[in-house]
Amino acid sequence: MNKEDILLKTEAFIKNKMKDYDSGHDWWHIVRVRNLARMINSRENLEDPFLVEMAALLHDYSDSKFAGTTAADETETLRVFLMECTVNENSINRILNVMHYISFSSRNKSGKKEDVLLDIIQDADRLDAIGAIGIARAFNYGGFRNNRIYSPDENENKRSTIRHFDDKLLLLKSLMNTVTARQLAKTRHKYMEDFLSQFHKEWNLSDF
Ligand code: ADP
Ligand code: NI
């Protein structure tokens with residue numbers, strides 16, 4: 001199969017897989033991550049553009065929050081799909097490494113292979129979790145889970161979406177791997193800080 005056909009087949013494959021995910025994890029998240037990853041790679045010329053596209057398309061293939069089957073079954077299904085697409089074994093292993101280790105929660109899991117492909121896709125995924133889009137996605141996810149937006153009660157606030165900014169979103173800026181992502185993260189991070197500051201001002205009626 002030629003690269004263009006493989007990419008088209010992979011698009012259809014992942015669109016079908018993600019149709020039941022929440023709208024913050026939908027096909028348009030994949031498109032944004034692909035565009036960001038392309039942009040990082042074209043600026044820094046780090047990796048084969050075809051592999052960047054493939055890894056971006058497949059990075060959320062196995063998301064434990066939505067997966068119906070076990071992680072091992074999912075990995076096997078994806079491996080078979082990629083073999084049918086005639087992707088070579090080394091590339092398959094690198095794509096699976098991205099899928100397994102991209103997430104914030106698995107950043108310290110054992111077995112990870114350091115790889116610039118993972119660095120690029122991870123940065124793209126993290127950039128899509130911060131800034132205005134990151135804010136929209138966080139509240140969308142919180143709504144999907146029926147979480148509170150915020151609570152002044154410390155205990156109740158532990159599961160709120162505002163708390164998710166402290167737990168994760170405000171940490172991402174300093175975890176970027178590439179120079180391009182670090183630059184872009186600065187503006188997006190500042191936007192979240194301004195949002196949180198305004199949010200608390202409004203909550204406390206100190207915005208006038
Ligand atoms: P990762 O897989 O890197 O740990 P997730 O898949 O948990 O990341 O997060 C994906 C998206 O869902 C992000 O935009 C993230 O901000 C949002 N999200 C995840 N958990 C929460 C939460 N508890 N509250 C609000 N948003 C969340
Ligand atoms: Ni993602």
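Quick one: which residue in Ile133, Ile162, Ile149, Ile121 is free of Cβ contacts under 8 Å to residues at least 24 places away in the same chain and not assigned by TED's automatic domain parsing to the domain that holds Ser23? None of the others qualify; the one that does is Ile149. Scanning segment 136-168 for residues that are surrounded by 14 or more Cβ atoms within 10 Å (Cβ to Cβ) and of a type in the set (Lys, Arg) yields Arg137, Arg148, Arg159, Arg163, Lys168.
Is at least one residue of segment 63-72 closer than 26 Å to Leu127 by Cβ, aliphatic (A, V, I, L, M) and within 16 Å of ligand 1 (Cβ to nearest atom)? Yes: segment 63-72 contains one or more residues that are closer than 26 Å to Leu127 by Cβ, aliphatic (A, V, I, L, M) and within 16 Å of ligand 1 (Cβ to nearest atom).
Quick one: is Leu51 in contact (Cβ under 8 Å) with a residue 40 or more places away in the chain, touching a Ser or Thr at 6+ places or on another chain (Cβ under 9 Å) and within 16 Å of ligand 2 (Cβ to nearest atom)? Spelling it out, it is not the case that Leu51 is in contact (Cβ under 8 Å) with a residue 40 or more places away in the chain, touching a Ser or Thr at 6+ places or on another chain (Cβ under 9 Å) and within 16 Å of ligand 2 (Cβ to nearest atom). Listed by position, the helices (runs of 4 or more DSSP H) contained in segment 1-113 that have at least 2 residues being among the hydroxyl-bearing types (Ser, Thr, Tyr) are 71-84, 89-101. Of the residues in segment 106-122, at least one is at pLDDT below 95 and either closer than 30 Å to Asn204 by Cβ or under 13 Å from the mean Cα position of the chain (by Cα) (or both).
Evaluating Asn93 against the criteria (1) more than 11 Å from ligand 1 (Cβ to nearest atom); (2) in contact (Cβ under 8 Å) with a residue 60 or more places away in the chain; (3) in contact with a Lys or Arg (Cβ under 9 Å, 6 or more places away or on another chain) leaves one unmet condition, (2).
Of the listed requirements (1) part of a helix (DSSP H, G or I); (2) in contact with a helix residue (DSSP H, G or I) (Cβ under 9 Å, 6 or more places away or on another chain); (3) over 28 Å from Leu118 (Cβ atoms); (4) of a type in the set (Gly, Ala, Ser), Ser197 misses just one: (2).
The values are calculated or read from the model by the stated rules, or taken from the named source; none is laboratory data. This is a predicted model, so every value here is computed, not measured. Quick reminder, even Gly has a Cβ in these numbers, built from the backbone with ideal geometry, and neighbours come from all protein chains shown.
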